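The values are calculated or read from the model by the stated rules, or taken from the named source; none is laboratory data. Quantities reported herein were computed from a predicted structural model and do not represent experimental measurements. In this analysis, Cβ positions are derived from the backbone assuming ideal geometry, glycine residues included, and neighbour counts consider all displayed protein chains.
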Amino acid sequence: MKILAFGKIADVLRQPALDFSGPKTVAELRERLETEYPDLKSLRYLIAVNKQIADEHATLAENAEVALLPPFSGG
C-alpha cells in the first residue's frame, strides 16, 4: 500500500511517501509505523484510507492509498 505523509509527519518519516505491506488494519499500521518511527507517538494524527478518515478497526487492502494527516485548522 502507498502511505502519504503530510506536515510534521513527513518530517518525522523524512520522506513524503512510503510503500508498506503487511498490516491488515489501521491499528496494525499505526503500531508498525510508531515502532519504526518512535517520534510519531508524540504526534496526533488521523489516518485516511482511500480518501476517507478511518477508525482503528478499518481493514487495509494491499492496493490501498493511506494518508497520515496531522491536525489542521481552517479559516
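Computed values, structure above
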| quantity | calculated |
| --- | --- |
| Given (1) under 14 Å from residue 3 (Cβ atoms); (2) part of a helix (DSSP H, G or I), index of the condition residue 22 fails | (2) |
| So residue 34, is it in contact with a Leu (Cβ under 6 Å, 6 or more places away or on another chain), among the acidic types (Asp, Glu) and surrounded by 13 or more Cβ atoms within 10 Å (Cβ to Cβ) | yes |
| Qualifying position, being of a type in the set (D, E, K, R) and part of a loop (DSSP other than H, G, I, E, B), among 11, 55 | 55 |
| One residue from 47, 3 being surrounded by 16 or more Cβ atoms within 10 Å (Cβ to Cβ), in contact with a Phe, Trp or Tyr (Cβ under 6 Å, 6 or more places away or on another chain) and at pLDDT 95 or above | 3 |
| The one condition in (1) among the hydrophobic types (A, V, I, L, M, F, W, C); (2) under 13 Å from the mean Cα position of the chain (by Cα); (3) assigned to a loop (DSSP other than H, G, I, E, B) that residue 68 fails to fulfil | (3) |
| Pair list, Cβ under 6 Å, 6 or more apart: segment 1-27 residue in contact (Cβ under 8 Å) with a residue 60 or more places away in the chain, other residue of a type in the set (Ser, Thr, Tyr) | 9/45 |
| Boolean, residue 29 is in a strand (DSSP E or B) and either in contact with a His (Cβ under 7 Å, 6 or more places away or on another chain) or not aromatic (Phe, Trp, Tyr) (or both) | no |
| Subset of segment 13-47 that is touching a strand residue (DSSP E or B) at 6+ places or on another chain (Cβ under 8 Å) and β-branched (Val, Ile, Thr) - its residue that is farthest from residue 71 (Cα to Cα) | 25 |
| Scope segment 11-31; condition of a type in the set (Gly, Ala, Ser) and either at pLDDT 95 or above or buried (at least 16 other Cβ atoms within 10 Å of the Cβ) (or both); matching residues | 17, 27 |
